[in-house]
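Visitor: My questions will all concern the structure given below.
Derivation of every value follows stated rules applied to the coordinates shown; laboratory data play no part. These numbers were taken from a predicted model, which means no experiment stands behind them. Methodologically, a virtual Cβ is constructed for each residue, glycine included, from the backbone with ideal geometry; neighbour enumeration extends over all protein chains shown.
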Amino acid sequence: MKKNFILKTLVLTLSVSLFSSFGTFNLNTSASAAEAEPSIVAQSAITMDLETGEIIYSKEADAQHYPASTTKLLTGLLLAENKQKSDQLVYTEAAKAQPAYSLDDSFMGGSIKVGDKISADDIMKGLLLFSGNDTAYVISDNVAGDSTKFAEMMNAKAKELGAHNSNFVTPNGLHDDNHYTTAYDLSLITKAAFGNEWERSVMELPEASIYINGSKVMLENRNLTLGKNGNIGGKTGYTSLAGGCLATVYERDGRKIVGVVLKSTQVDNEDPTKFNDMDAIMNYSYDVQKEVYKSSGEEVGTASVEYKSFGFFGPKKTVNVPIKLAQDVTYYKNAINDAESKINYSSSNASAWNLIFNKDVQLTYTTRNHSENVAGTVEISLGTILKDNLLLYIGTLVGIIIIISLIFMLKSLSFNRRNRRSSYRRGRRR
């Protein structure tokens, strides 16, 4: 008896231990999944698939921040769209007046004169590699006439690209209270800049030589992690109010992702914080898998489809039918996609009669900056239409029966008349 009690106690203890172990494992798995999203210093950040436009990672991506010198991506894009590499640009008074981190101050000892000419390609390199504040004003003055008109061009281009929550005042990004953007808007600008062959080729350079008044100047790219971890191009930025800013494009295994971090910390030009932030969100973005947004068989709405009661004729009617998915729809789970994902069905050319015999339909999954076609089905049957037109069909059937009966009666009357006439004629012949 005592032995049985001891054995039962041991079995119970082992069972509890095993279940406890399984429970602990599940809890730890959930914790690991929750911790997969990176912890970064930057107040705003985003990553976006360059090809599909899908937003992969988002942290306060629509919050407005000062972009500092990442502004120069937009300035460079306007230069590339309005000038040729070989064009000679005039060094202007506004360029001469710009503060430190200018070509004039840092390399030429203030010797560049107003009216001197520098090739557009060298100005592009000075803009994107060294981030010269004077080069931005050379561009604004030579492209638009002055910085005010150039700001109008910047804002028009931003809106064209879909960057609707931004406003640009200065071509170099030096602080102005009304000069701001968002991580999302800047990702669109970065994508466009990288898509321009001239600007992209400069963004990708680790260093380059330029010529100013016959003097050779060597420039190094301030994108400190260029060529590392997949970083293939981008633009840095910093002011005391903007903090550390970085806009980049990464490529790993042939897949390109745009990344932006805004309002990170930066002590000096060597501070790696914003670069560490970028690596963290990129590592996450290349590793993360899509999750199921809606499952196959799930109802995702209803559609109003038109039809004529008798197929090709009759009164036109509308019936509401449920729409279901015929496949899983997946997405990258983040705040933007959670808020803006939708599944739509266009029924403008669909007939309820056709849908009875072919229930497969094409749906569209949309979220910000991305859409794709997905398979769906409509829940409609012949009974749906019969029920919707029951009185009409009964009335029509009764009408048909009455008409047929009348026709039969008329034929019978006609037949009887002919018989009576025939009988009368036969009687007279006798």
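Visitor: In the structure displayed, which of Lys83/Lys216; Lys96/Lys117; Lys157/Lys333; Lys125/Lys216; Lys83/Lys157 lie more than 21 Å apart, Cα to Cα?
Guide: Beyond 21 Å between Cα atoms: Lys83/Lys216; Lys157/Lys333.
Visitor: Given R₀ = 45 Å, FRET efficiency for Thr52-Ala100 by Cβ-Cβ distance, to 0.05?
Guide: 0.65
Visitor: May I pose another question? By the scheme Lys and Arg +1, Asp and Glu -1, what is the net charge of all other residues having a beta-carbon under 10 Å from that of Tyr66?
Guide: Counting the neighbours of Tyr66, the net charge comes to -1.
Visitor: Quick one: Karplus J couplings for region 107-120, per residue in order, coefficients 6.51, -1.76, 1.60, θ = phi - 60°, nearest Hz, x for Gly and Pro?
Guide: Running phi through 6.51 cos²θ - 1.76 cosθ + 1.60 with θ = phi - 60° gives 10, 10, x, x, 8, 5, 9, 4, x, 4, 10, 9, 5, 4 Hz.
Visitor: Using alpha carbons only, how many angstrom separate the centre of region 132-188 from the centre of region 53-71?
Guide: About 16 Å separates the Cα centre of region 132-188 from the one of region 53-71.
Visitor: Moving on to the next point. Can you tell me the length gained on complete extension of the stretch Ser86 to Ser414, counting 0.36 nm per residue apart and subtracting the Cα distance?
Guide: 108.0 nm
Visitor: Aspartates and glutamates near Lys159 by alpha-carbon distance under 18 Å, same-chain residues fewer than 8 away left out - which ones?
Guide: Asp62, Glu81, Asp185
Visitor: So what's the net charge close to Glu81: Lys and Arg +1, Asp and Glu -1, counting the other residues with Cβ under 13 Å from its Cβ?
Guide: Result for the neighbourhood of Glu81: -1.
Visitor: Still on this structure, please answer the following. Past 31 Å, Cα to Cα, is the threshold; run Lys85/Lys228; Lys59/Lys149; Lys191/Lys359; Lys256/Lys359; Lys149/Lys191 against it and keep the listed order.
Guide: Over 31 Å Cα-Cα: Lys59/Lys149; Lys191/Lys359; Lys256/Lys359.
Visitor: Taking the simple approach of a point 7 Å from Cα along Cα-to-Cβ for both Val398 and Asn373, what is their distance in nm?
Guide: The modelled label-to-label distance comes out at 4.7 nm.
Visitor: In units of 2.2 N^0.38 Å, what is the alpha-carbon radius of gyration of region 139-249?
Guide: Expressed relative to 2.2 N^0.38 Å, the Cα Rg reads 1.14.
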